[in-house]
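FYI, it's all coordinate maths here, none of it is from the lab. No experiment lies behind these values; they were computed from the predicted model shown. With ideal geometry, Cβ positions are generated from the backbone for all residues, glycine too; neighbour counts draw on all protein chains shown.
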Number of protein chains: 2
Amino acid sequence: MSLRHAVLGLLAEMDGSSGYDLMRMFEVSLANVWGATQSQLYGELAKLTADGFIEVVEEGPRGRKAYGVTAAGREELRRWLTETAPKAVRRDEVLLRVFFLGLVTPEQREEYLRGRAAELAERQAGIEAVEEAVSWGEDDLSRYGRLVMEYGKRFMAMRREWMEWALRELEDPPTSAR
Amino acid sequence: MSLRHAVLGLLAEMDGSSGYDLMRMFEVSLANVWGATQSQLYGELAKLTADGFIEVVEEGPRGRKAYGVTAAGREELRRWLTETAPKAVRRDEVLLRVFFLGLVTPEQREEYLRGRAAELAERQAGIEAVEEAVSWGEDDLSRYGRLVMEYGKRFMAMRREWMEWALRELEDPPTSAR
DNA sequence: CTTAGACATTCCACTATCGACATGTCAAGA
DNA sequence: TCTTGACATGTCGATAGTGGAATGTCTAAG
């Protein structure tokens with residue numbers, strides 16, 4: 001149940017945000033870390049309110065509701081951060097397909113890997129665009145957001161290198177040739 | 001809907017496997033790539049059978065059912081591999097928490113990162129154990145499984161290095177100190 | 001003979017996620 | 001004034017995923 005904590009965390013750092021504001025943060029800052037759709041987000045806001053972890057602190061124009069985290073919400077967030085263990089990612093569709101690459105032709109294999117590498121290049125460009133666009137302040141979100149961004153860069157660089165290695169490996173098989 | 005294709009792919013390479021056999025493959029070979037629980041797996045086998053992508057080719061002791069991929073199944077697999085685009089991962093609980101690390105004490109931040117690094121070391125040991133235990137043959141699954149395994153190693157090494165960097169970054173903040 | 005443990009399947013209730021749709025407000029410029 | 005586009009919230013149905021329990025069979029060791 002991490003969407004809940006993503007919302008709670010965002011709200012804790014950006015008090016008085018609306019669902020719409022949060023949605024934008026999910027799209028920009030959290031895009032590669034924890035995605036969310038509108039329906040999920042508004043649904044979670046309703047549940048969090050019902051559970052007493054957040055509350056509407058102000059109603060603005062266009063039906064805008066600004067939320068704030070309650071004491072219970074802060075406690076829940078602290079509990080999640082310090083007392084629960086994150087579970088490791090164990091799903092990667094790109095890699096899953098690599099596992100089955102033996103089922104297609106050599107040309108298709110190469111096409112697949114080159115295609116993924118191209119996507120990666122695009123995402124890399126995207127992350128650099130965000131990096132330049134975001135005004136990095138001295139607040140906590142900037143501070144730790146920077147760490148996450150650096151991770152994203154390293155991650156993509158690593159994947160790129162691995163793909164190049166895999167392509168070489170495929171055209172020139174190791175030790176015992178077939 | 002990738003569980004479906006993971007099952008189909010596994011079955012295409014290991015014809016005549018039972019749900020139980022597949023379950024073990026998910027646990028060992030696919031653990032870091034695409035996880036599945038029993039209930040999911042058996043449910044998917046039933047659906048795949050209903051859709052005509054696989055069929056029971058043999059019934060063994062203990063109610064064992066050995067499955068085989070049908071022509072339609074092979075076609076579906078080929079289609080998936082060559083005509084559909086994989087969607088990028090965009091969920092990482094470990095990183096999500098890093099984003100909110102500003103909400104806890106410096107000691108807890110460090111504890112968190114060190115804890116993740118320890119987990120990583122464990123997983124690294126695990127992957128090496130699997131590497132040694134698995135009999136790497138010359139079949140396709142071994143060939144491409146090796147690529148995936150190499151990815152796993154690089155991934156964990158990268159995360160480790162990043163965590164060490166992040167720890168240094170936290171104790172010695174960059175440019176404009178606070 | 002007994003029993004532990006691997007083999008093997010199936011069902012269930014719950015929660016999470018996705019994608020599309022519906023509805024409406026407000027500000028600014030043509 | 002009209003229209004466009006950003007702002008803003010919400011509902012729905014379908015599918016996917018989790019975790020646990022129930023049930024039973026076969027084999028090998030003691």
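Starting from the Cα of A:Glu122, step 7 Å along the direction of its Cβ; do the same at A:Ala71; then give the gap between the two resulting points in nm.
5.0
Kindly provide the helix-only [θ] at 222 nm of chain B, computed as the sum of -39,500 (n - 2.57) over DSSP H runs of four or more divided by all residues, to the nearest 500 deg cm²/dmol?
-21500 deg cm²/dmol
Nearest 0.05, what FRET efficiency do B:Glu132 and B:Glu27 give at R0 = 22 Å with Cβ-Cβ as r? Kindly include the intermediate steps, with their values, before the conclusion.
Numbers: r = 17 Å, r/R0 = 0.76.
My answer for the efficiency is 0.85.
Within 10 Å of each candidate Cβ there may be at most 16 other Cβ atoms; applying that plus a DSSP loop requirement, which trypsin sites (Lys or Arg not before Pro) in the stretch B:26-93 survive? Walk me through the numbers before you get to the answer.
Values: sites: B:Lys47, B:Arg62, B:Arg64, B:Lys65, B:Arg74, B:Arg78, B:Arg79, B:Lys87, B:Arg90, B:Arg91; in loops: B:Arg64, B:Lys87, B:Arg90.
Here the trypsin sites (Lys or Arg not before Pro) that fit, given the DSSP loop and packing criteria, are B:Arg64, B:Lys87, B:Arg90.
Residue by residue, what Karplus-based ³J(HN,Hα) values in Hz, rounded to whole numbers, does the stretch B:65-74 have, using 6.51, -1.76 and 1.60 with θ = phi - 60° and x for Gly and Pro?
Along the stretch B:65-74, the couplings run 10, 9, 9, x, 7, 8, 4, 4, x, 5 Hz.
If the only charges are +1 at each Lys and Arg Cβ and -1 at each Asp and Glu Cβ, what is the size of the charge dipole of the protein assembly as shown around the Cα centre, to the nearest 20 debye? Before the final figure, lay out the partial values.
Numbers: 50 positive and 62 negative charges, 92 e Å.
It comes to approximately 440 debye.
Closest approach to the A-B rotation axis by any Cβ of A: residue and distance in angstrom?
Nearest Cβ to that rotation axis, in whole Å: A:Met158, 2.
Tell me the Kirkwood radius of chain A: reciprocal of the mean inverse pair distance over distinct alpha-carbon atoms, in Å.
Working: mean 1/r = 0.0520 Å⁻¹.
The answer is 19.2 Å.
Between B:Ala85 and A:Glu150, what is the label-point separation in nm under the 7 Å Cα-to-beta-carbon projection?
According to this spin-label approximation, the distance is 3.2 nm.
I'd like to know which of A:Val104, A:Ser39, A:Met14 lies farthest towards the positive end of the charge dipole of chain A, counting +1 on Cβ of Lys and Arg and -1 on Cβ of Asp and Glu.
Positive-most Cα among the choices belongs to A:Val104.
Using the crude model of +1 on Lys and Arg Cβ and -1 on Asp and Glu Cβ, and no other charge, please compute the dipole size for the stretch B:93-171 relative to its Cα centre, in debye to 20. Could the numbers behind the result be given before it?
Values: 12 positive and 17 negative charges, 49 e Å.
So the magnitude is around 240 debye.
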